[in-house]
2 protein chains.
Amino acid sequence: MAQNMMLYWGSGSPPCWRVMIALEEKMLQGYKHKLLSFEKNEHKCEEVKALNPRAQVPTFKHGDIVVNESLAACLYLESAFKSHGTRLIPDDPTEQALVYQRMFETNNLQQKMYDVAFYEYYVPEGERLESALKRNKESLVTELKLWDGYLEKMGKGSYLAGKSFTMADVVCFPVIAYFPRLHCPREHCPRLMEYYEMLKDRPSIKASWPPHWLEKPEGPDMLKNL
Amino acid sequence: MAQNMMLYWGSGSPPCWRVMIALEEKMLQGYKHKLLSFEKNEHKCEEVKALNPRAQVPTFKHGDIVVNESLAACLYLESAFKSHGTRLIPDDPTEQALVYQRMFETNNLQQKMYDVAFYEYYVPEGERLESALKRNKESLVTELKLWDGYLEKMGKGSYLAGKSFTMADVVCFPVIAYFPRLHCPREHCPRLMEYYEMLKDRPSIKASWPPHWLEKPEGPDMLKNL
């Protein structure tokens, strides 16, 4: 079933990682894949461009279907393989509402994390400003506290959208995993760190852990001074 | 059915507008709503903050369910009112794939449009750089050509994900509508402009047209020099 699937991915990219977690949860192991190096700009290759004009990863193909946006790929996999593996979107629209809300809110956390941790990567030298970076840091701390509050309110041992693991966790975990890795001070988000500990050994997550994180378990300290 | 719905919104905001189009398409007219002025910072009011800690619009409530992310609200409405009005997400996962892909790709077009049209709004004086704005413009032109190419490939009279109006159109139309309004040169995106003409009088879109666009049909020329 997974043999006619092909995933182009980069190690550590949250959008790639979430598609890989979804594939694992839906028991679609055995899909074909190609790991591309961001450092060597391999994701800009012709093979990817032919399927994804933005030349980004993930680039995902199932038979003739191409779905490159990570959230689109996740929703597609859930819909096409509903009865396989873990049900990631509940049936009840009331429960769905919170799953969708947290899934799409993740983009706020991801972007704000990027705007601090990868500021020098995204902003060319000569355009970098202390005032902008300071504002980005404040914005990230506020965002982190919001997510920490969600978990605090849900109670100990909760997932992001309740008592079950859902697509909200698939989508958000790869972003949350950056905070301990990049030395974010624990006091900004103690509940998120407990959540991280609870999930990091889940089989789907462990099986898809970024290979360069396995090689170098200690990440750079870009979030140390948050 | 719509009486226990409440939408806080701002005129012209693409995220608000798409939720309003979805409500119209699902025949949920009669929902309660409150128009808030961005200029007066009314979306930062306590009433919104109580439901949406980011103090943004849309803020949407249906009974006890709060869904503030616009795409989450759209998916929730489709799921909770599947058999009402227009079916916006097809049943077939193969067809869903393209609808989801275009829905989530819209964020690229929206962000790149904001990064040019609202550069001065988002970047404080003293941090603005010609080099950054120039890069943003180039990036927007590339993105526009991509979307124009999608429509070119689908053929005349097509919607964004095929022969039917879907959630992809609900999500993307409010962003596309900014290009003619802000005087984007037609040659960057002739197919998108045909698409705009085809959709602008659709009842759901007409009924939810931004009130300040009705008052002043001619917008400022922020995209004239793209």
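One table, with the values for the structure above:
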item: Cβ-vector label at 7 Å, A:Leu146, separations to other copies in nm; result: 2.5
item: Spacing of the two label points (7 Å from each Cα toward its C-beta) at A:Asn225 and B:Glu152, in nm; result: 4.8
item: Solvent-accessible area buried by A and B, counting both chains, probe 1.4 angstrom, square angstrom; result: 2700
item: At most 16 other Cβ within 10 Å, DSSP loop - chymotrypsin sites (Phe, Trp or Tyr not before Pro), segment A:1-51; result: A:Phe38
item: Loop-located GluC sites (Glu not before Pro) in segment A:92-170 whose Cβ has at most 15 other Cβ within 10 Å (DSSP); result: A:Glu125, A:Glu127
item: DSSP beta bridge pairing in chain A, given as percent antiparallel to the nearest 5; result: 65
item: Karplus-derived HN-Hα couplings along segment B:30-41 (A = 6.51, B = -1.76, C = 1.60, θ = phi - 60°), whole Hz, x at Gly and Pro; result: x, 5, 6, 7, 9, 7, 10, 8, 5, 4, 8, 6
item: Apportionment of accessible area to carbon and sulfur, chain B, percent (1.4 Å); result: 51
item: Estimated 222 nm signal from helices in chain A, with DSSP H stretches of n ≥ 4 weighted -39500 (n - 2.57), rounded to 500; result: -15000 deg cm²/dmol
item: Residues B:Ala50 and B:Glu215, FRET efficiency given R0 of 45 Å [Cβ-Cβ distance, rounded to 0.05]; result: 0.90
item: Cβ-vector label at 7 Å, A:Arg135, separations to other copies in nm; result: 1.6
item: Heavy atoms of B:Arg135 accessible to a 1.4 Å probe, total area in Å² rounded to 10; result: 100
item: Accessible surface of A:Thr94 - all protein chains present, 1.4 Å probe, nearest 10 Å²; result: 80
item: Backbone N under 19 Å from the A:Lys82 label point (7 Å along Cα→Cβ), restricted to segment A:11-34; result: A:23, A:25-28
item: Residue-span extension gain [A:Lys134 to A:Ser164] - 0.36 nm each, minus C-alpha spacing; result: 7.1 nm
item: Label spacing, shortest first and in nm, from B:Glu215 to its equivalents in the remaining copies (7 angstrom along Cα→Cβ); result: 5.9
item: Candidates A:Cys16, A:Cys74, A:Cys184, ranked by Gaussian network fluctuation over chain A, Cα under 10 Å, top entry; result: A:Cys184
item: Residue among A:Leu35, A:Leu214, A:Leu71 with the largest mean-square fluctuation in a Gaussian network model of chain A, springs linking Cα atoms under 10 Å; result: A:Leu214
item: Inter-centroid distance (Cα atoms) of segment B:186-208 relative to segment A:147-205, Å; result: 42
item: Candidates B:Lys40, B:Lys32, B:Lys145: whichever shows maximal mean-square fluctuation once chain B is modelled as a Gaussian network with Cα springs under 10 Å; result: B:Lys40
item: 1.4 Å probe accessible area per residue over the protein assembly as shown, in Å²; result: 46
item: Net charge of Cβ neighbours under 13 Å - reference A:Thr86; Lys, Arg +1; Asp, Glu -1; result: 0
item: Environment charge at B:Val116 (Cβ cut-off 14 Å; Lys +1, Arg +1, Asp -1, Glu -1); result: +1
item: DSSP beta bridge pairing in the protein assembly as shown, given as percent antiparallel to the nearest 5; result: 65
item: Cα centroid of segment B:64-113 to Cα centroid of segment A:103-124, whole Å; result: 24
item: Prolate/oblate/rounded call for chain A, Cα gyration tensor, a/c under 1.5 rounded; result: oblate
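The values are calculated or read from the model by the stated rules, or taken from the named source; none is laboratory data. What you see is a predicted model; the values in this text were computed from it and never measured. Please note: Cβ atoms are built from the backbone with ideal geometry, for glycine as well, and neighbour counts cover all protein chains shown. Surface accessibility is based on the protein's heavy atoms, side chains included, excluding ligands, DNA and RNA. Shrake-Rupley method; radii C 1.70, N 1.55, O 1.52, S 1.80 Å.
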